[in-house]
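Peer 1: After the structure tokens below, expect a handful of questions from me.
The values are calculated or read from the model by the stated rules, or taken from the named source; none is laboratory data. Note that the structure is a prediction, hence the values are computed from the model and not measured. Cβ atoms come from the backbone with ideal geometry, glycine included; neighbour counts cover every protein chain shown.
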Amino acid sequence: MKKSLFILLALSVSVFAIAQENKNVKEIGLLFNSTNSFGFTYRTGTDQSLWRFSALNLSGGNQKLNADSITTKHNDMGFGLKLGKEFRKNIAKKLDLRYGVDLSFYYDKYYSEREDQSMENYEYSDSEVTYSPGINLVLGLNYQIHKNIFIGAEILPFINYITGSESISQPYDNDLNEEKRDISGFEFGLSSSSVMLSIVYQFN
């Protein structure tokens, strides 16, 4: 009986010590990369293992240009979502190594239209919609610049599958001819968008 109580006490102390060592944290912050896109991140877990939730590449635009008899319209929108897991290891004072993996999904939509009033039935349009699920590795560093503020840098080798469609409408023999194309393929590697910078605020 005493032996069982001793083992139980020892296990309790061990669990408590681990819990104390790996404190629970939450982080919220901004993401940037060299293509001038930005996003938001939320991370939760312990100081050594966190779940990552990110919304990035938030973009959109709507333009209309008039030049003489020609009117051109453009609009586009896109976004990306990521869910992942990262692990951290302290390698120097205020400096952590970060590594892990993300699952990702990107959506992009583009539409362009060109109309020439000086020509009868002249109207050209091009629209494209793509969906890109994928996966990327995470390898980076975190540096503490204040008690609760960290800056980070990551490289994110990736592989994405792209699927979608393109539709082109253009004049042909005084009528409009519409052509549709399916889009599919893979992309992988490292690009400028694979280098991510972050600034986050950490709290309990």
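Peer 1: Assess whether ILE149 counts as being closer than 29 Å to GLU27 by Cβ and over 21 Å from the mean Cα position of the chain (by Cα).
Peer 2: So ILE149 fits the description; yes.
Peer 1: Among what's in the stretch 36-63 and is outside any strand (DSSP E or B) and at pLDDT 85 or above, pick the residue that is nearest to PHE203 (Cα to Cα).
Peer 2: Residue satisfying both the conditions and the ranking: ASP47.
Peer 1: Run SER118 past the list (1) assigned to a strand (DSSP E or B); (2) more than 18 Å from THR46 (Cβ to Cβ); (3) among the hydroxyl-bearing types (Ser, Thr, Tyr) and report the number of the one that doesn't hold.
Peer 2: Of the numbered conditions (1) assigned to a strand (DSSP E or B); (2) more than 18 Å from THR46 (Cβ to Cβ); (3) among the hydroxyl-bearing types (Ser, Thr, Tyr), the odd one out for SER118 is (1).
Peer 1: On to the next question. Within the group PHE188, PHE150, which residue is farther than 30 Å from LYS23 by Cβ and hydrophobic (A, V, I, L, M, F, W, C)?
Peer 2: Of PHE188, PHE150, the one residue that is farther than 30 Å from LYS23 by Cβ and hydrophobic (A, V, I, L, M, F, W, C) is PHE188.
Peer 1: Which residues, taken from the stretch 64-120, are surrounded by 14 or more Cβ atoms within 10 Å (Cβ to Cβ), among the small types (Gly, Ala, Ser) and free of Cβ contacts under 8 Å to residues at least 40 places away in the same chain?
Peer 2: Within the stretch 64-120, GLY78 is the sole residue that qualifies.
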